[in-house]
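The values are calculated or read from the model by the stated rules, or taken from the named source; none is laboratory data. Treat the numbers as computed from the prediction; the structure is a model and nothing was measured. In this analysis, Cβ positions are derived from the backbone assuming ideal geometry, glycine residues included, and neighbour counts consider all displayed protein chains.
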């Protein structure tokens, strides 16, 4: 983790600069982007109607992701390839998060309890908790944190530049408040949507709060039905058809 | 002499009791978190049956390194969090610290807490008095669903 600290040093902006940057992101990018996401599924030619009561925005055209290289809590690398062959749910946060992140993971746990994906099925959906706070979230801490909620959940983090490639492509925003050299107590503001990535490794949908575990299950079921489950030939170990 | 003294003591006790009862605590709980979690969130509702606004100006717990009051706000789908230096409970009103809004930020637990444990928090009021609150730690199964 030593290189993470070194890599993020140039990014320790003053709180004002970070807030200003976050503000600019909101205005120039976030608001328009989120609006376009919300409007697309309702556009007459989009034809993607989502189940009633679900705050799910579905992209008419799935969005390919740029190359990035992050790290899973078990030390293995996390790239676009890690997302292929199965549906994926991602949440972005940090372990020093008192309220939203544990609740998001609790909701994911409820979803997984209902869905009950077989751990041996390579095409089962995956849940990823991506920490945008690599200075404090070591892979070891992340691993213990996410697997408390479910043994099949995976924590992901890495160098800030690589995180930014990934979050930037997905429209996930985050920023630090009062983050100064040597200070361990600071707040991370972050998007609280769940992002769905399809078995081809492309961004397909965003679930906006408020949502609960049932909503996550409904979103996954809807996406699988609408866009298809992972193809057998994409899985590393295809199961025999039943 | 003795009746007067006890009358004074009685008056003093009544006054003290009235002061101590300025706020009532309801629905206090802490959702169980991962044993490695560096922070936990405490939730409770503060009811002020009195005739004066009461302000919480600080919080502490001997089970944590620090306790703060924080407020979450959703802005364009981004969750932002801010410390709240003083929390006013209006006369005859109540303020709920609940998921997605206000919470007690319980920072760096001195031990891991499990469902069934109790977290003791002392709230400092603006009149100099304190209020003790017991927050039971609750497991996931204690509350089925959360929308936030």
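Of note:
- Leading residue by the ranking (nearest to residue B:37 (Cα to Cα)) among those in the stretch A:153-170 that are away from chain B (no Cβ under 14 Å) and part of a loop (DSSP other than H, G, I, E, B): A:158
- Qualifying residues in the stretch A:180-227 (those that are crowded, with 22+ Cβ neighbours inside 10 Å and part of a loop (DSSP other than H, G, I, E, B)) - the one modelled with the lowest pLDDT: A:192
- Given (1) surrounded by 15 or more Cβ atoms within 10 Å (Cβ to Cβ); (2) at positive phi, index of the condition residue B:47 fails: (2)
- Check on residue B:83, free of Cβ contacts under 8 Å to residues at least 60 places away in the same chain and away from chain A (no Cβ under 14 Å): no
- Test: residue in the stretch A:80-90 that is within 30 Å of residue B:69 (Cα to Cα), touching a residue at least 24 places away in the same chain (Cβ under 8 Å) and crowded, with 19+ Cβ neighbours inside 10 Å: yes
- In the set (1) over 24 Å from residue A:126 (Cβ atoms); (2) within 14 Å of chain B (Cβ to nearest Cβ); (3) touching a residue at least 40 places away in the same chain (Cβ under 8 Å), residue A:183 fails one condition alone, (3).
- Among the conditions (1) touching a strand residue (DSSP E or B) at 6+ places or on another chain (Cβ under 8 Å); (2) surrounded by fewer than 24 Cβ atoms within 10 Å (Cβ to Cβ); (3) at pLDDT below 95, residue A:117 misses just one, which is (1).
- Check on residue A:128, closer than 21 Å to residue B:78 by Cβ, modelled with pLDDT of 95 or more and within 16 Å of the chain's Cα centre (by Cα): yes
- Qualifying residue in the stretch B:51-73 (condition: touching a helix residue (DSSP H, G or I) at 6+ places or on another chain (Cβ under 9 Å), within 30 Å of residue A:216 (Cα to Cα), buried (at least 19 other Cβ atoms within 10 Å of the Cβ) and touching a residue at least 12 places away in the same chain (Cβ under 8 Å)): yes
- Look at (1) more than 25 Å from residue A:56 (Cβ to Cβ); (2) surrounded by fewer than 18 Cβ atoms within 10 Å (Cβ to Cβ); (3) at pLDDT 95 or above; (4) out of contact with any helix residue (DSSP H, G or I) (no Cβ under 8 Å at 6 or more places or on another chain) and you find that residue A:148 fails only one, number (2).
- The stretch A:85-112, subset more than 14 Å from the chain's Cα centre (by Cα) and more than 26 Å from residue B:38 (Cα to Cα), residue farthest from the other protein chains (Cβ to nearest Cβ): A:85
- Strands (runs of 3 or more DSSP E) completely within the stretch B:36-84 that count 1 or more residues being at pLDDT 95 or above: B:39-47, B:54-60, B:64-75
- Remark: residue B:104 falls outside the filter, which requires a residue to be surrounded by 20 or more Cβ atoms within 10 Å (Cβ to Cβ), more than 11 Å from chain A (Cβ to nearest Cβ) and touching a residue at least 40 places away in the same chain (Cβ under 8 Å).
- Condition broken by residue A:54, with the remaining ones in (1) touching a helix residue (DSSP H, G or I) at 6+ places or on another chain (Cβ under 9 Å); (2) in contact (Cβ under 8 Å) with a residue 60 or more places away in the chain; (3) within 13 Å of another protein chain (Cβ to nearest Cβ); (4) buried (at least 19 other Cβ atoms within 10 Å of the Cβ) satisfied: (4)
- Of all the listed residues (B:33, B:116), the sole one being buried (at least 18 other Cβ atoms within 10 Å of the Cβ) and in a loop (DSSP other than H, G, I, E, B) is B:33.
- Number of residues in the stretch A:157-173 that are surrounded by 23 or more Cβ atoms within 10 Å (Cβ to Cβ) and either farther than 23 Å from residue A:126 by Cα or over 16 Å from the mean Cα position of the chain (by Cα) (or both) equals 0.
- From the list A:74, A:81, the one residue that fits, being under 29 Å from residue B:32 (Cα atoms), at pLDDT 95 or above and more than 14 Å from every other protein chain (Cβ to nearest Cβ), is A:74.
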